[in-house]
1. With +1 on each Lys and Arg Cβ and -1 on each Asp and Glu Cβ, and nothing else charged, work out how big the dipole of the chain is about its Cα centre, in Debye to the nearest 20.
2. So how do F8, F122 line up by other beta-carbon neighbours within 10 Å, fewest first?
3. If the chain between D44 and N6 were fully stretched, how many nm would it gain, using 0.36 nm times the residue separation less the Cα-Cα distance?
4. Normalised by the residues of the chain, what does the relative contact order come to in percent, with Cα pairs under 8 Å and at least six apart?
5. Residue-wise, which Karplus ³J(HN,Hα) couplings in Hz belong to region 89-105, taking 6.51 cos²θ - 1.76 cosθ + 1.60, θ = phi - 60°, and x for glycine or proline?
6. Can you give the FRET efficiency to the nearest 0.05 for R111 and E24, using r as the Cβ-Cβ distance and R₀ = 22 Å?
Amino acid sequence: ERLVINAFSPSDKEVWRTIEASAEVRKYIDGQPLNPKDADAYIDEIIESYRTNGFGRYAVRHRESGLLMGMCGFRATSYGLDFGYRYAPEYWGQGYGFEAASSVLDFGLNRQKLGPIVALAFKANTASIHLIEKLKFKSLGPVVIEGETVEKYQIG
């Protein structure tokens, strides 16, 4: 394994701000770089989710360097238990997303007994759709969430 997957801590905020400041990273979220205050609030929300829900988004780190590469995990939403992931662009296209996602999904489904779990992706986000389908999520077709049409998938 090339990765370490663990809980976020407040010390991750600085690197997370850098990841979220990228318009490229946020292209299929809202297309806008996230300001530092909102990036910090996102980490705080994740840490609170560990306490209140027993799950959340998890930090994905490079095993050798220890560097924070991105996140992968679960979030309680109005449309279900969302599975999401986000990585710094320098880690794209190297299989890290599948490695982390398959491990976190297995943990959620088999150890934490979570489910059903949903994943959303814009149709144009072909890399994300490929990952979701490789993870064996089943398509539920297009849905409108928060005014945006996205593809919805489900597993578990």
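Derivation of every value follows stated rules applied to the coordinates shown; laboratory data play no part. Because the structure is predicted, anything quoted here is derived from the model rather than measured. Note that we place each Cβ from the backbone using ideal geometry, even for glycine, and neighbour counts take in every protein chain shown.
1. That gives a dipole near 440 debye.
2. F122, F8
3. Additional length available on full extension: 12.2 nm.
4. 18 percent
5. Each residue of region 89-105 in turn: x, 5, 9, 6, x, 10, x, 5, x, 5, 4, 5, 4, 5, 5, 5, 5 Hz.
6. It comes out at approximately 0.10.
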